[in-house]
Amino acid sequence: MRDVRLRGFRERRSVKDALAVLEARVVQLPAEPVPLAAAAGRVAAEDVLARASVPHFARSAMDGFALAGESTFGASAAAPVELRIVGDSMPGRPFAASISRGEAVRITTGAPVPAGADAVLVAESADEVEQGGVRVLRAREPVAPGKHVGAVGEDVREGDRVVARGRRLRPQDLGVLAATFVPELLVVRRPRVRVLITGDELLAPGSAPTGPFIVDTNGLMLEALAWRDGAASVVIDRLPDRRERLREAFADATEEVVLVSGGSSVGPEDHAPLVLAELGEVAVHGVALRPASPSGFGFFGEGRRQVAFLLPGNPVSCLCAYEFFAGPTLRALGGRPRAWPHARRHARLRAKVASELGRTDYVRVTLEGDLATPLMTSGASILSSTTRADGVVIVGEEDEGLAEGAEVEVVMY
C-alpha cells in the first residue's frame with residue numbers, strides 16, 4: 001500500500017464502496033451450544049422446536065369446580081343442579097382419581113383437570129353447602145364441555161417452531177424455551193475484541209491530565225460500543241507511538257476484531273496502516289466521510305479471517321468511524337443485523353447543512369420539537385458535541401448539502 005504519511009491521500013473510497021467490501025468479506029461466526037440460562041441476548045443459529053407441549057395436561061383456566069359439563073345442563077338460579085364434591089385439584093397436587101357424572105372437584109387456576117371432567121364451573125356461579133355430612137355443589141348455571149379448560153398444546157404443541165434461526169433471544173423467548181423443555185441450544189458465537197489505543201500523550205482513564213498529557217477517552221467509548229454490539233470479550237491495550245510495539249500487539253492478537261484508535265492518518269507517527277499491510281492487507285484506507293476521513297480497515301491472521309479497523313484518534317471521528325464500519329461488522333459476526341441499533345426521528349432542518357457530492361457527512365444536531373439544529377461547534381476533537389447533541393443527520397454522498405427546512409431523519413444518540 002502507499003505510505004500516506006506527510007503525503008496525504010490521493011483518493012478516498014466512498015462509504016458505500018467501503019461497506020460493500022466489509023459485507024463481501026465478513027461472514028457470521030460459527031455456532032456453539034450454550035445452556036438456556038446463558039442464552040439471553042444471543043442469536044439462535046438454527047430453528048428451535050418444542051420438545052414438549054404447553055400445557056402437557058388439560059388445566060383449569062379459572063378458580064372453581066371441575067366437572068362434566070353435561071351434568072350441569074338445565075341448571076338455573078331457581079333450579080340449581082346438585083353435584084357431590086369429592087376432592088380438590090391444586091397446582092402440583094392434582095386430584096388423583098377419576099370423577100363420575102354428578103361429581104365435582106374444587107380446582108384452582110392452572111391445576112390439572114381430573115379424568116372424567118371436561119369443564120370448569122366458575123366459583124361465582126355455584127354454592128357449596130353441607131348436606132347430610134357431604135359437601136354438595138349447587139350449580140346455578142350450565143357450563144358447556146370444554147369451557148374454562150386449557151387443552152393439551154393450547155399454547156405450544158410438541159414439534160412447533162418456537163424460535164426462528166437468526167432471532168436475538170429475548171426474556172420471553174427464554175421462558176417459552178424453558179416451558180417446552182429446551183435445556184440448551186445452538187447460538188452464533190460472539191466476536192472477541194481487542195482495542196489498541198496508541199499515543200505517547202495518552203493517560204489511562206482516572207488519571208489527572210497534566211502538562212502535555214491528556215486522558216484517553218476512546219478506550220472506554222470503544223469498549224462500551226463493543227459490548228453494545230455483542231462482543232464476547234473486550235481487552236484494551238494502551239501503546240506508545242512505536243511501530244514495533246504496535247506490530248507486536250497485532251501479532252499477539254487472537255481476537256476476531258481489532259480496533260486501533262489513532263495512528264491512521266498522515267502524520268510521521270501514524271504507523272497502523274503500514275503495520276497492518278505488513279502483517280496482512282489494508283482493504284480500505286481513506287474514506288470520503290466527514291469527520292473520520294483517515295479511517296480504514298483490513299484483514300490479517302490465519303486465512304486473513306481477523307479484521308482490523310483503523311480509527312482516527314480524534315474522538316468524534318473515532319465514534320463516527322466505529323458506527324459506520326466496525327459496529328455493523330461486530331453485529332454481523334455475531335448474527336445480528338448490520339443496521340445501526342438506534343432509534344430514529346423525522347425532523348426539519350432549522351439551518352442549511354453544507355456538503356459536497358461524493359462525501360458522506362455525519363452532522364450532529366439538537367432537537368426541539370420537530371426542528372433539528374446543526375451544532376455550530378462540531379470539530380472532530382469536540383467530544384462534548386456528541387453529548388450536547390440529541391443525534392446525527394447523515395448527509396449521503398449523493399447530496400450537495402441540505403437546505404433549511406429540509407425533511408431529515410435523525411439517528412438518535
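Remark: region 59-150 is approximated by an ellipsoid whose semi-axes, taken from the C-alpha gyration tensor as √(5λ), come to 19, 14, 11 Å, largest first. Projected onto its three principal axes, the C-alpha set of the chain covers 105, 52, 42 Å, listed from the longest axis down.
Is the shape of region 194-323 rounded, prolate or oblate, going by the alpha carbon gyration tensor and its root eigenvalues a ≥ b ≥ c, with a/c under 1.5 for rounded and a/b larger than b/c for prolate? In terms of gyration-tensor shape, rounded. What shape does region 259-340 take by its C-alpha gyration tensor, where a ≥ b ≥ c are the square roots of the eigenvalues and a/c under 1.5 counts as rounded, a/b above b/c as prolate, and the rest as oblate? It comes out oblate by the Cα gyration axes.
By its C-alpha gyration tensor, with a ≥ b ≥ c as the square roots of the eigenvalues, how is region 344-412 shaped: rounded for a/c under 1.5, else prolate for a/b larger than b/c, else oblate? Oblate is the answer for region 344-412, as a/c is 1.5 or above yet b/c matches or exceeds a/b.
Given +1 at the Cβ of Lys and Arg, -1 at the Cβ of Asp and Glu and no other charges, the dipole of region 344-412 around its Cα centre is 340 debye to the nearest 20.
Restrict the search to region 312-390; then list the GluC sites (Glu not before Pro) that DSSP places in a loop and that have at most 13 other Cβ atoms within 10 Å of their Cβ.
Here the GluC sites (Glu not before Pro) that fit, given the DSSP loop and packing criteria, are Glu356.
For region 139-146, 3J(HN,Hα) computed residue by residue from phi via the Karplus equation (6.51, -1.76, 1.60; θ = phi - 60°) reads 7, 9, 7, x, 10, 6, x, x Hz, glycine and proline entered as x.
In the chain, the calculated helix contribution to ellipticity at 222 nm averages -4500 deg cm²/dmol per residue, counting -39,500 (n - 2.57) for every DSSP H run with n ≥ 4. This model, with +1 at the C-beta of Lys and Arg and -1 at the C-beta of Asp and Glu, gives the chain a dipole about its Cα centre of some 420 debye.
Coordinate-derived values only; no laboratory data. Just so we're clear, the structure is a prediction, and the values are computed from it rather than from any experiment. For neighbour counting, all protein chains shown are included, and Cβ atoms are generated from backbone atoms with ideal geometry for every residue, glycine included.
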